[in-house]
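The values are calculated or read from the model by the stated rules, or taken from the named source; none is laboratory data. Given the structure is predicted, the values throughout are model-derived calculations rather than measurements. Every residue, glycine as well, gets a Cβ built from its backbone with ideal geometry; the counts of neighbours run over all protein chains shown. Remember, those area values only see protein heavy atoms, side chains included, never the ligands or the DNA or RNA. Shrake-Rupley method; radii C 1.70, N 1.55, O 1.52, S 1.80 Å.
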Amino acid sequence: MTLLTKTEQDQVAAAINAVEQETDAELVTVLARQADNYAYIPLVWAGIVALLLPGLINYFTEWFGVHTLLLVQWGVFLVLGVLFRIPTINTVLIPRHVRYWRAANLARRHFLEQNLHHTKDSTGVLIFVSEAERYVEILVDQGISAKVDNKVWEDIVEHFTRQVREGNTCQGFLDCIEACGKHLKEQVPATHERNQLPNHLVVLP
């Protein structure tokens, strides 16, 4: 999994700049590799398996004495604790609602950190993507939500999410920005030239 190249980031910035020529809305894009490292989840699963599996085997076979059983449990815990940290395995072990909750929290944090709630007339728009979670969200301030129905953003997010799953994150950003711009220039047209927030893509490691 790779984040966007410098050329692709420039394309995103250019798309934002083009949209902001026709609307008073302020767009900020944020791309995260992963919303959380989920370090505790491999340990939880390793602990559950280490407690249950050797114990069940011993219950039916009586292969282990007390000391051997403890050693086997510790060994299983250590091996699985390392194995379950492999990204492809780790992703499978993390419940979807946990992944989405973490990503949603990160999106809201960056809405505040990027000062989108301080724009003139409350016209901030955040386009947030977390690649590992395949999570996309559009957050808008009150000046936008009062004029554009939330269903509009849901449809755009659904299309963008499919592109992220297919590995087309850059094109997803471009399509998303264009689609957002179409509605924003109609509902929040440009009244004067301004650029309160940076247009470059914010990339989180």
Q: Compare the Cα positions of Leu43, Val66, Ile94 along the charge dipole of the range 35-133 (+1 at Cβ of Lys, Arg; -1 at Cβ of Asp, Glu; about the Cα centre) and return the one farthest towards the positive end.
A: Ile94
Q) Tilt of helix 66-83 relative to the longest C-alpha principal axis of the chain, in degrees (0 to 90, nearest 10)? A) 20
Q. Quick one: if you stick a label point 7 Å off each Cα along the C-beta vector at Gln171 and Leu52, how many nm between them?
A. 4.2
Q: Return a whole-number percent for the relative contact order of the range 80-205, with Cα pairs under 8 Å and 6 or more residues apart as the contact set.
A: 16
Q: Please give the solvent-accessible surface of His200 in Å², to the nearest 10, using a probe radius of 1.4 Å with every protein chain present.
A: 100
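Please report the carbon-and-sulfur percent of the accessible area for the range 1-156; probe 1.4 Å, protein heavy atoms only, DNA, RNA and ligands left out.
On the way: 5380 of 8690 Å².
It is 62 percent, rounded to a whole number.
Suppose the chain between Phe60 and Asp155 were pulled fully straight at 0.36 nm per residue; how much longer would it get relative to their current alpha carbon spacing? Before the final figure, lay out the partial values.
Numbers: separation 95, 0.36 × 95 = 34.20 nm, distance 5.36 nm.
So the extension gain works out to 28.8 nm.
Would you mind getting the accessible area per residue of the chain, heavy atoms of the protein chains only, 1.4 Å probe, in Å²? Walk me through the intermediate numbers first.
Values: 11420 Å² over 205 residues.
For the chain, the per-residue accessible area is 56 Å².
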Q: With no solvent and one equal point scatterer placed on each C-alpha of the chain, evaluate the Debye formula and give log10 I(q)/I(0) for q = 0.18 Å⁻¹, two decimals.
A: -1.16
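Let me know the charge dipole size of the chain about its Cα centre in debye, to the nearest 20, where only the beta-carbon of Lys, Arg (+1) and Asp, Glu (-1) is charged. Intermediate values should be presented prior to the final figure.
Numbers: 17 positive and 23 negative charges, 142 e Å.
With Lys and Arg at +1 and Asp and Glu at -1, about 680 debye.
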Q: Mind checking the full-extension length gain between Gln187 and Arg96? Use 0.36 nm per residue of separation minus the Cα-Cα distance, one decimal, nm.
A: 29.3 nm
Q. Angle, helix 96-113 long axis vs. longest principal axis of the chain, Cα atoms, 0 to 90°, nearest 10?
A. 40
Q: Determine the equivalent ellipsoid of the range 66-147 by diagonalising the alpha-carbon gyration tensor, then write out the semi-axes as square roots of 5 times the eigenvalues, largest first, rounded to whole Å.
A: 44, 11, 9
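Counting alpha carbon pairs within less than 8 Å and at least 6 residues apart, what relative contact order, in whole percent, applies to the range 10-93?
Numbers: 43 pairs, mean separation 27.9, N = 84.
33 percent.
Report the gain in length on full extension from Arg108 to Ala18: 0.36 nm times residue separation, minus Cα-Cα distance, nm rounded to one decimal.
Working: separation 90, 0.36 × 90 = 32.40 nm, distance 2.52 nm.
Full-extension gain reported as 29.9 nm.
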(Q) Please list log₁₀ I(q)/I(0) at q = 0.20, 0.21 Å⁻¹ for the range 11-101, using the Debye equation with identical point scatterers on the alpha-carbon positions. (A) -0.93, -0.96
Q | Derived scalar couplings ³J(HN,Hα) [the range 132-140; Karplus, 6.51 cos²θ - 1.76 cosθ + 1.60; whole Hz; x for Gly, Pro] | A | 4, 8, 6, 10, 10, 8, 10, 10, 10
Q. Looking at the chain, which longest stretch skips every one of the GluC sites (Glu not before Pro) that is in a DSSP loop with at most 11 other Cβ atoms within 10 Å, leaving the sites themselves out?
A. 63-165
**Q.** the chain: angle of helix 169-187 to the longest principal axis, Cα-based, in degrees nearest 10
**A.** 40
